[in-house]
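Undergrad: I have a structure I would like to understand better, so I am pasting it below and will then ask my questions one at a time.
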Amino acid sequence: MANVLDLRRRIRSVKNMRQITKAMKMVSAAKLRRAQERALAARPYARMIASVLESLTRRVDIVDPVSGNVRHPLFLTRPEKRVLLLIVSGDKGFAGAFNANILKTAFQFIGAHPDKEIDIEAIGRKGRDTMRRRYPVAAYSETAEAGRARLPRQHAVEVVGDHPGMLGKLETGRVQDLAHSVVERYVGEEIDAAYIVYNEFKSVISQRLVVERILPLMKIGIPQIAGTHEPTEKEKERAAEAALSAGIPIEPADTAEAEEEARKFGTAQVDYIYEQPAEELFAGLLPQYIFSMLYHAMTESVAAEHAARMTAMDSASNNASDMIDSLTLTMNRVRQAAITKEIIEIVSGAAAL
Amino acid sequence: MADDATQLRVRLVTPERTLFEHAAVSVELPSKSGYLEVLYGHAPLVAELGAGDVTLHCGAEGDQRYNVSWGFVEVLPDRVTILASDALKPEEIDVARAGQQLDRGLEMWKKAGESEEAYNEALRVIAEAEAKMASAADKR
């Protein structure tokens, strides 16, 4: 049996660990609060772009009646042979099953489409690391006149790019560039569809993993969810407990009014004068719409990551407390046993006299 | 001064947040095809914005200016909503960075050659940089 000194040492080290996990939990809670605010603040813009686009598609035919051309190449659909898969994971670990779940969903998606060629683009370091280990990186020739030219693909699934550090400091400029490049690839027929895997975050207890199709555009304003994964009741309870102890409100802030207000953008029942012809408006709006979808996914994912880390760290702190309790009990028992033994020795020594 | 009944409600929304919501007598907007001014009772209009200054004329309170680049605007008789990809106050503009952006745009313009796409992209960058510099220089 371990002696008292060893046990005391172990208790001390577990206590230290608990302190660290507690601190990490509080840091995550603070970051979560900020991420939540940012996700909320980004909503009106996304909502407005979607509604003005939606109303425009209702008023203007997507296909030009005179020339018979589609007004914007993003409305074209092709058979899905090559698919771009954007994976939004976290930059860091220590977030429970957060990254593992995202990757699992991504692998399921890849597994479910063995007949398609899939380009993977990872946003977030954890996803990039895993994908790079598992799938080959696409080959590009750097010498080509036009900059980077894609060499013929060798494998069905290839990693085409990554954006480490994009989530840490979420800037609209970088997301804008990414949206631009996705649109360009679609227009240039390098890809036939684009999907994004991310963790949707409505509130601390209501989150789910989502595979959403961002291209081609079918119906504006309605997310095209290709698959979801909901957390179990037990996980939800755990998250709620963690949120409560960190002082984070469980229910999301009420934004129904602002949402309603934003939804009206560009949709009033009047005849608008369109300053530019429909083609030009579409050309300006559609990339913005793609951008707002990506930005939305990333802000939500960042909030979800912090929430997951907060929950995980809360569990870790609780486990440490339990461990300290049981170790303290064992230590007291050992000490008591030693004392008892000594007393017996003294008593029996005295009796022998 | 105009009374409250004939004031426009102006909102400026960027991807990150709603920047402000304010009442104004009239608004100047940098539409892609030139500046336009909106007064109370304007016909409903949807327009794409270029790079330039949004100016709110608020009557006695004085004017407010924002440099915006790219976006959309919805005009209703009593309400103006501006969706801008980027919006800055004139005093927030980093002139040195705008200068670099202009150089980059000119560089792109030179390299564009026959490609119409690259040419347009270069023109966009130049327009944005020039609008920023003009707006910063025009401090009132």
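Undergrad: With the checklist (1) surrounded by fewer than 20 Cβ atoms within 10 Å (Cβ to Cβ); (2) outside any strand (DSSP E or B); (3) not acidic (Asp, Glu) in hand, flag the one item residue B:22 doesn't pass.
TA: Only one criterion in (1) surrounded by fewer than 20 Cβ atoms within 10 Å (Cβ to Cβ); (2) outside any strand (DSSP E or B); (3) not acidic (Asp, Glu) is unmet by residue B:22, namely (2).
Undergrad: How about segment B:78-111: which of its residues are within 14 Å of chain A (Cβ to nearest Cβ), farther than 16 Å from residue B:20 by Cα and buried (at least 18 other Cβ atoms within 10 Å of the Cβ)?
TA: Of everything in segment B:78-111, just one residue is within 14 Å of chain A (Cβ to nearest Cβ), farther than 16 Å from residue B:20 by Cα and buried (at least 18 other Cβ atoms within 10 Å of the Cβ), namely B:101.
Undergrad: Can you say whether residue B:128 is within 14 Å of chain A (Cβ to nearest Cβ), within 30 Å of residue A:272 (Cβ to Cβ), assigned to a helix (DSSP H, G or I) and of a type outside the set (Val, Ile, Thr), as far as the supplied structure shows? Walk me through how you get there before you give the answer.
TA: On the way: within 14 Å of chain A (Cβ to nearest Cβ): yes; within 30 Å of residue A:272 (Cβ to Cβ): yes; assigned to a helix (DSSP H, G or I): yes; of a type outside the set (Val, Ile, Thr): yes.
Here the answer is yes, as residue B:128 does meet what is asked.
Undergrad: For segment A:14-44, give me the residue count where each residue is over 18 Å from residue A:205 (Cβ atoms), touching a residue at least 12 places away in the same chain (Cβ under 8 Å) and within 14 Å of chain B (Cβ to nearest Cβ).
TA: Of the residues in segment A:14-44, 4 are over 18 Å from residue A:205 (Cβ atoms), touching a residue at least 12 places away in the same chain (Cβ under 8 Å) and within 14 Å of chain B (Cβ to nearest Cβ).
Undergrad: Take segment B:1-27 and flag every residue that is within 12 Å of another protein chain (Cβ to nearest Cβ) and either polar (S, T, N, Q) or farther than 15 Å from residue A:45 by Cα (or both). Spell out how you get there, then give the answer.
TA: Filtering segment B:1-27 down to residues within 12 Å of another protein chain (Cβ to nearest Cβ) leaves B:9, B:11-19, B:21.
Passing the criteria: B:9, B:14, B:18.
Undergrad: Please enumerate the residues belonging to segment B:28-77 that are hydroxyl-bearing (Ser, Thr, Tyr), within 13 Å of chain A (Cβ to nearest Cβ) and part of a strand (DSSP E or B).
TA: Pass one, segment B:28-77, residues hydroxyl-bearing (Ser, Thr, Tyr): B:31, B:33, B:35, B:40, B:55, B:66, B:69.
From what's left, within 13 Å of chain A (Cβ to nearest Cβ): B:31, B:33, B:35, B:69.
Correct list: B:31, B:35, B:69.
Undergrad: Residue check, residue A:58 against (1) surrounded by 15 or more Cβ atoms within 10 Å (Cβ to Cβ); (2) closer than 20 Å to residue B:48 by Cα, all met but one. Which one?
TA: That leaves (1) as the condition not met.
Undergrad: Does at least one position in segment B:38-52 carry a residue that is within 22 Å of residue B:132 (Cβ to Cβ), more than 11 Å from the chain's Cα centre (by Cα) and either surrounded by 20 or more Cβ atoms within 10 Å (Cβ to Cβ) or not assigned by TED's automatic domain parsing to the domain that holds residue B:127 (or both)? Please lay out each step first, then the result.
TA: Within segment B:38-52, the first condition is being within 22 Å of residue B:132 (Cβ to Cβ), and the residues that meet it are B:47-52.
Going one step further and asking which of them are more than 11 Å from the chain's Cα centre (by Cα), we end up with B:47.
Narrowing the set further to residues that are either surrounded by 20 or more Cβ atoms within 10 Å (Cβ to Cβ) or not assigned by TED's automatic domain parsing to the domain that holds residue B:127 (or both) leaves B:47.
Yes: segment B:38-52 contains one or more residues that are within 22 Å of residue B:132 (Cβ to Cβ), more than 11 Å from the chain's Cα centre (by Cα) and either surrounded by 20 or more Cβ atoms within 10 Å (Cβ to Cβ) or not assigned by TED's automatic domain parsing to the domain that holds residue B:127 (or both).
The values are calculated or read from the model by the stated rules, or taken from the named source; none is laboratory data. Predicted model only: the values in this text are computed from it and were never measured. Here the Cβ is made from the backbone with ideal geometry for all residues, glycine too, and neighbour counts use every protein chain on show.
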